[in-house]
Structures are given as structure tokens and as C-alpha cells.
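Data block below; observations after.
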Amino acid sequence: MKLASYKDGSRDGQLVVVSRDLGTAHYANGIATRLQQVLDDWNFLSPQLEELSISLNHGRTRHAFPFDPALCMAPLPRAYQWADGSAYLNHVELVRKARGAEVPDSLQTDPLVYQGGSDDFLGPTDPIAVPSEKMGIDFEGEVAVITGDVAMGTPPDRAVDAIRLVMLANDVSLRHLVPGELAKGFGFFQSKPATAFSPVAVTPDELGAAWKGGRVHLPLQSTWNGKRVGLCDAGPEMKFHFGQLIAHLAKTRNVRAGSIVGSGTVSNADASRGYSCIAEKRALETLEHGEPRTDFMRHGDTIRIEMMGADGQSVFGAIDQAVAAP
């Protein structure tokens with residue numbers, strides 16, 4: 001099934017079930033009003049939503065209406081946790097190599113994860129508000145999952161079973177603020193503003209054969225100012241699958257229902273597939289020419305992030321944003 005949260009003036013929005021083709025939707029208020037309710041009581045409420053989804057896809061619901069991504073908040077508008085990994089090693093290696101930093105040996109065995117703000121997510125068409133272009137505005141196309149409860153010490157092969165929903169993310173970065181923050185030895189904060197998510201989150205079974213080994217085996221499209229700059233395969237080069245990322249989080253603590261875990265920037269070693277963030281393009285330019293030649297985003301720029309299924313239809317709907325001054 002596919003789920004979304006419609007804007008209704010509240011902090012958590014109104015839960016809706018969306019048809020497989022993203023054409024129609026139906027309010028779920030006879031079952032639950034908010035997605036977090038469903039995550040907290042998944043075994044009881046999700047079968048009821050699944051029944052509504054089946055009826056919607058077969059045209060048997062009485063109160064369906066046209067689905068409009070512009071009315072969507074993030075599927076989970078605020079979360080107990082947003083932990084973003086960096087599971088595509090090509091991205092990490094490129095960016096570090098370009099700035100002359102060494103890649104730690106542990107990168108092959110231990111995921112990189114940072115904890116971002118989860119109190120203020122953006123909807124798929126909400127503007128990216130950044131005070132100054134001088135901050136180095138960058139998009140980052142990613143895959144993300146929403147979990148159920150995961151007990152401390154859960155191994156990866158069991159942690160993957162706790163994945164309730166899958167969606168896309170634009171993990172916006174302010175690149176010129178990153179070096180100063182990392183130099184303090186205490187990680188990202190101001191360099192990571194609000195993250196945006198796709199209009200819908202889908203259960204893994206909606207992905208069919210594309211969901212395999214805790215990874216989404218589909219290409220992720222990034223279109224910057226109307227030009228497609230990336231068509232990166234999200235599957236094979238994801239070094240750590242989502243079960244491993246979740247298990248990493250749960251090594252020393254419980255992970256609670258409603259936690260969101262990101263894959264990090266989707267990246268391929270084959271540069272002809274393009275890029276899912278500008279920093280990667282700039283890294284390649286630096287390695288080839290000695291300096292970057294592509295500027296970061298400016299106010300008025302647009303970014304569209306989307307993933308198509310084998311049938312050519314959009315799976316999650318598109319993140320389609322413009323950069324704006326606050």
C-alpha cells in the first residue's frame with residue numbers, strides 16, 4: 001500500500017491511502033488519522049489500511065478523490081528519530097579524495113551515520129528556505145525507510161524485517177558550513193537544514209522484485225533546473241543495506257517505531273550515470289581539473305527527485321522543490 005499525509009493545518013496532517021498509480025486517494029480517518037498511530041499499532045491497523053488500499057485500487061471506494069502531491073506534508077511529518085547513513089562508498093570516497101582527506105579503513109565494515117533534526121520535515125513541494133546562497137546549497141537524492149520497534153542488539157537479518165515503509169528523501173546540505181562544523185569534532189548541525197520526503201511512503205511489497213536484500217533496485221532520477229543530472233542505480237552499490245544500517249543504530253539502544261533511516265546520497269562508480277548531489281560533481285571536477293567548475297544552487301533553482309518502477313510509473317511521486325530565501 002501507499003500512504004501520505006495531507007496538510008490540514010495541524011502538525012501531523014491527515015493520513016490518506018493513495019492508489020498504486022498515484023491517481024486517487026482516500027482519507028483513512030475511519031482507521032487512523034495520523035501515520036504515527038499506525039506505526040505504533042502496526043499489526044492491528046495496517047491490515048485495515050491494506051483492505052482500504054485494495055478497494056481503492058479496484059475502484060470500489062465511495063469517497064475517493066484525485067491525489068495532489070502539492071497538498072502533501074512529508075509522509076511522517078515529524079519523527080522520533082532521523083538517522084541518515086552514507087551507504088554508498090563511492091560518494092564518500094569521491095568527496096573525501098577531492099578534499100585530500102583519508103578514507104578510514106573502518107568504512108568497509110562500519111556504516112557512517114549522523115543524526116539529523118526530525119522535528120521539522122518538508123513536504124515534497126515545499127520550498128527549500130536558505131538564508132544565503134553563500135552557504136553552498138546542495139540537494140542529496142536518497143532512499144529512506146521508516147521502522148517499527150527494533151530491540152537493542154537486533155542483528156541485520158532481523159532488523160530488515162522491522163522496515164514498515166520506504167520513501168525518497170532530499171537531504172539538503174549547506175556545503176560551505178560543513179568544514180567549520182566538522183573541524184569542531186562534533187558533527188553536522190547548521191549544515192543540515194530540514195529534509196524533504198517524497199509524497200508517498202510505500203510498503204516494501206509494493207516494490208515487488210525491486211525490493212531485494214534490504215535495498216531498492218531501481219534508478220533514482222535527479223533533475224536540476226529542468227536538466228536531468230543523475231540516473232543512479234540505488235541497488236547494487238549500496239554497501240550497507242537497510243537492515244545493516246538499522247542494526248548499527250540498535251547496537252547500543254532500542255530503536256522505536258517511527259524512526260526514519262536514510263541511505264545517504266545514491267551514487268555509482270560509473271560517472272556516466274550522473275550524480276545525486278552537486279558535491280559529487282564538484283569532486284570529480286576537482287580531481288580532473290584541480291578545481292570545481294559547477295556552482296551550488298541559487299535562490300530560484302529547482303530540484304526534482306523521482307524513482308520510476310519497471311512499468312515506467314512513478315513509485316513514490318516526485319520531490320519537486322525550489323530554493324527560496326526565508
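The values are calculated or read from the model by the stated rules, or taken from the named source; none is laboratory data. As the structure is a computational prediction, the values presented were derived from the model and not from experiment. We place every Cβ from the backbone using ideal geometry, glycine too, and count neighbours over all the protein chains shown. Protein only, heavy atoms only, side chains kept; ligands, DNA and RNA dropped before computing areas. Shrake-Rupley method; radii C 1.70, N 1.55, O 1.52, S 1.80 Å.
General observations
- Across the range 116-216, the fraction of Cα-Cα pairs farther apart than 17 Å, rounded to a whole number, is 61%.
- In degrees, nearest ten, helix 42-57 long axis to first principal axis of the chain (Cα): 80 degrees
- Computed log10 I(q)/I(0) for the range 25-105 at 0.18, 0.25, 0.26 Å⁻¹: -0.85, -1.26, -1.29, from the Debye equation with unit scatterers placed on every C-alpha and solvent omitted.
- Listed by chain and number, the aspartates and glutamates placed with their C-alpha closer than 17 angstrom to that of K239 are D84, E93, D105, D110, E142, D157, D270; residues fewer than eight positions away on the same chain are left out.
- Three principal axis lengths of the range 132-183 [C-alpha, angstrom, descending]: 44, 26, 15
- Inter-centroid distance (Cα atoms) of the range 234-307 relative to the range 34-76, Å: 29 Å
- Kirkwood Rh and Cα Rg combined as Rg over Rh, evaluated for the chain: 0.95
- Listed peptides 176-185, 210-219, 87-96, 63-72 by packing density, highest first (mean Cβ within 10 Å): 87-96, 210-219, 63-72, 176-185
- Approximate spin-label separation R96-D41, in nm, with each point projected 7 Å along Cα-to-Cβ: 4.6 nm
- Unsatisfied cross-links (Cα-Cα over 32 Å) in the set K2/K227; K97/K227; K7/K251; K184/K227: K7/K251; K184/K227
- On Cα atoms only, tilt of 89-98 relative to the major axis of the chain in degrees: 30 degrees
- As a rough guide to protection, the peptides 55-62, 299-306 ranked by mean Cβ packing within 10 Å, highest first, stand as 299-306, 55-62.
- Unit Cα scatterers, Debye sum, the range 62-116: log10 I(q)/I(0) for q = 0.25, 0.28, 0.29 Å⁻¹: -1.02, -1.14, -1.18
- P(r) histogram, all alpha-carbon pairs of the range 20-63 included - 10 Å bins from 0, percent: 27, 54, 19
- Cα coordinate range in the range 196-271, projected on the principal axes (Å, largest first): 43, 28, 25
- Rg/Rg_globular for the range 245-314, with Rg_globular taken as 2.2 N^0.38 Å and Rg from C-alpha atoms: 1.57
- Shown here for the range 1-54: trypsin sites (Lys or Arg not before Pro) in loop regions (DSSP other than H, G, I, E, B) with at most 16 other Cβ atoms within 10 Å, namely K7, R11.
- The mean sequence separation of alpha-carbon pairs under 8 Å and at least six residues apart, normalised by the residue count of the range 203-324, gives a relative contact order of 26 percent.
- Highest-first arrangement of 124-135, 75-86, where packing means the average Cβ count within 10 Å: 75-86, 124-135
- Portion, in percent, of the accessible area of the chain that falls on carbon or sulfur, probe 1.4 Å: 49 percent
- Three-way shape label, the range 176-316, alpha-carbon gyration tensor, a/c 1.5: oblate
- Whole-Å semi-axes of the ellipsoid equivalent to the range 44-192 (Cα gyration tensor, √5λ, descending): 34, 22, 13
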